[in-house]
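Colleague: First the structure, then my questions, so here it is.
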Amino acid sequence: MSIHQSQPSDTSSPVEQLRIYLKAQGYSAAVRRHYPPIARRFLAYLHDQRRSAETACPHDVDGFLRREHRTYLKRHGRAPRRLGAWRTEHAAPARLILRLVHGQWPGELAPATGREAFHRELLEAYDAWMRDLRGMAAVTRLDRVRGAQRFLEMLGPRGDRDHIRDLEASDIDLFVRQRSAGLRRTSIKYVTGSLRVFLRFLHGSARTARDLSSTVTSPTLYAYEGIPSALRPEDVKSVLKATHLDRTAAGCRDYAILMLLATYGLRAGEITALRLEDIDWEREVLHVRHTKTEASSNLPLLPEPGEALLGYLKNVRPRAALREVFLCLHAPHRAFKDGSALYSTIRNRLTAAGIKPPGKKGPHAFRHARAVSLLRAGVPPKAIGDILGHRSTLSTGAYLKLATEDLRAVALDIPTKVSP
């Protein structure tokens, strides 16, 4: 359930909103007793400061904690023994009240300087340019905007509105040297490639006098030079079996996730983005939105992953108004922020099953394993690409490197003697 969905009518007090939210989100009875009194004192503090929850800012939470601390010292004659935990226990109800009132907390801070305002304006224009003219997916745009922000911050005063036009190759070289320290060649290539795109945008929008994108050099990477890691078929079976034997709520949820990974080779972000309406039980179809390409696929809902999903939805999934299939099991019951939230879960499940793959230990190892199994089953690369949501057959071709056993099976014997 989202903050917005959990709010009652406008006539309800913030503390009553908090009570309803805590109950709806499955918080423990201890938390439901602990939060409202502190929230009420926080609202009283705001009233004393002639402020309201609607006009509060992060500094108000700090001021409230200072007043609570003075009260504690006066009452007990000493500071709290675990000061960090005490601050967390008192700050959490105040921040949750503000999140209920504002819908999001903390809100986006206003730029503190003219340079920060210029950077925000510039990055918003860059994002729109990538979306409208380059057709880039949202996840790619977000990553490249973050990279551009790091570059602007490194420029310091040279990155403000008046000086960025005079950007020089030496500025580019300095950033690349600093950013590349400790990175592998593949990572350096991505950093420099993203920087090159941003520099083209700057020049194309007349924000720089020169097109400096040609000054950015990247390390040479050869096609398919790195062999992606994949789990062996027996490893996949072992982790599925071990997780299925875990009868806890987490075991049931993780088994459903692993079945989707092993059966369809989905990306982690595609699993966390799954919504209840994406499962067509009547037609036995699973609708998948591919996060990297923003395309969609309709995959057959096979019996095993279907049963795993049904068991999770019927017996484990928290009752919440959210439409995402997979939710956090502990309060607050939220959807996973993105696919990266699954990495520790998958890694822990592999460890629990006694599997220690030499390469990737996250969801992508299952994706590679599924691609290899399809190749070995004789499925054409084009069909595999459609299942995996690839735009190009070149992307699917990378997985051919993993089918080394199949290549050995068709290898010819080298004759020991050659007849004249």
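The values are calculated or read from the model by the stated rules, or taken from the named source; none is laboratory data. Bear in mind the structure is a predicted one, so any value in this text is a computation, not a measurement. Heads up, the Cβs are rebuilt from the backbone with ideal geometry, glycines too, and the neighbour counts pull from every protein chain shown.
Colleague: Name every residue in region 280-310 that is in contact (Cβ under 8 Å) with a residue 40 or more places away in the chain and farther than 21 Å from residue 346 by Cβ, in order of residue number. Even if it seems obvious, please write down each step before you answer.
Modeller: Just the residues of region 280-310 that are in contact (Cβ under 8 Å) with a residue 40 or more places away in the chain, to begin with: 288, 290-295, 297, 299, 304-305, 308-309.
Those that are in contact (Cβ under 8 Å) with a residue 40 or more places away in the chain and farther than 21 Å from residue 346 by Cβ: 293, 294, 295, 297.
Colleague: If you check residue 315 against the conditions, is it more than 20 Å from residue 389 (Cβ to Cβ), surrounded by fewer than 17 Cβ atoms within 10 Å (Cβ to Cβ) and not basic (Lys, Arg)? First the steps, then the outcome.
Modeller: Details: more than 20 Å from residue 389 (Cβ to Cβ): yes; surrounded by fewer than 17 Cβ atoms within 10 Å (Cβ to Cβ): yes; not basic (Lys, Arg): yes.
Against the criterion (more than 20 Å from residue 389 (Cβ to Cβ), surrounded by fewer than 17 Cβ atoms within 10 Å (Cβ to Cβ) and not basic (Lys, Arg)), residue 315 qualifies.
Colleague: Within region 247-254, can one find any residue that is among the charged types (D, E, K, R) and in contact (Cβ under 8 Å) with a residue 24 or more places away in the chain?
Modeller: Taking region 247-254 first, the residues among the charged types (D, E, K, R) are 247, 253-254.
Checking the rest, the ones that are also in contact (Cβ under 8 Å) with a residue 24 or more places away in the chain come to 253-254.
Within region 247-254, one or more residues are among the charged types (D, E, K, R) and in contact (Cβ under 8 Å) with a residue 24 or more places away in the chain.
Colleague: Would you please list the contacts, defined by Cβ atoms under 8 Å and residues six or more apart or on different chains, that run from a residue in region 141-160 that is within 17 Å of residue 111 (Cα to Cα) to a residue that is surrounded by fewer than 17 Cβ atoms within 10 Å (Cβ to Cβ) and at pLDDT below 95?
Modeller: Close Cβ pairs (under 8 Å, with a partner that is surrounded by fewer than 17 Cβ atoms within 10 Å (Cβ to Cβ) and at pLDDT below 95) amount to 157/163; 159/153; 160/114.
Colleague: One residue is enough: does region 118-131 have a residue meeting the conditions surrounded by fewer than 17 Cβ atoms within 10 Å (Cβ to Cβ) and aliphatic (A, V, I, L, M)?
Modeller: Looking only at region 118-131, we keep the residues that are surrounded by fewer than 17 Cβ atoms within 10 Å (Cβ to Cβ), and these are 120-121, 124-125, 128, 131.
Still in the running and aliphatic (A, V, I, L, M): 125, 128.
Checking region 118-131: at least one residue is surrounded by fewer than 17 Cβ atoms within 10 Å (Cβ to Cβ) and aliphatic (A, V, I, L, M).
Colleague: Looking only at residues that are under 30 Å from residue 23 (Cβ atoms) and among the small types (Gly, Ala, Ser) in region 341-355, which one is surrounded by the fewest Cβ atoms within 10 Å (Cβ to Cβ)?
Modeller: 344
Colleague: A follow-up question, please. Any idea which of 50, 40, 19 is at pLDDT 90 or above, outside any helix (DSSP H, G or I) and in the same structural domain as residue 89 (by TED's automatic domain parsing)?
Modeller: The unique qualifying residue is 50.
Colleague: Looking at residue 287, is it at negative phi, in a strand (DSSP E or B) and of a type outside the set (A, V, I, L, M, F, W, C)? Talk me through it step by step, then tell me what you get.
Modeller: Values: at negative phi: yes; in a strand (DSSP E or B): yes; of a type outside the set (A, V, I, L, M, F, W, C): yes.
Taking the combined requirement at face value, the residue satisfies it.
Colleague: On the basis of being part of a helix (DSSP H, G or I) and of a type outside the set (Lys, Arg), does residue 331 make the cut? If you could, list the steps in order and put the result at the bottom.
Modeller: Working: part of a helix (DSSP H, G or I): no; of a type outside the set (Lys, Arg): yes.
Spelling it out, it is not the case that residue 331 is part of a helix (DSSP H, G or I) and of a type outside the set (Lys, Arg).
Colleague: Turning to a different aspect of this structure: Looking at (1) more than 23 Å from the chain's Cα centre (by Cα); (2) surrounded by 12 or more Cβ atoms within 10 Å (Cβ to Cβ); (3) not in a helix (DSSP H, G or I), which is the one condition that is false for residue 112?
Modeller: Condition (2) is where residue 112 drops out.
Colleague: What residue, of 85, 92, 79, is assigned to a loop (DSSP other than H, G, I, E, B) and either in the same structural domain as residue 334 (by TED's automatic domain parsing) or at pLDDT 90 or above (or both)? Show your work before the answer.
Modeller: Details: 85 fails: assigned to a loop (DSSP other than H, G, I, E, B); 92 fails: assigned to a loop (DSSP other than H, G, I, E, B).
Exactly one residue qualifies, and that residue is 79.
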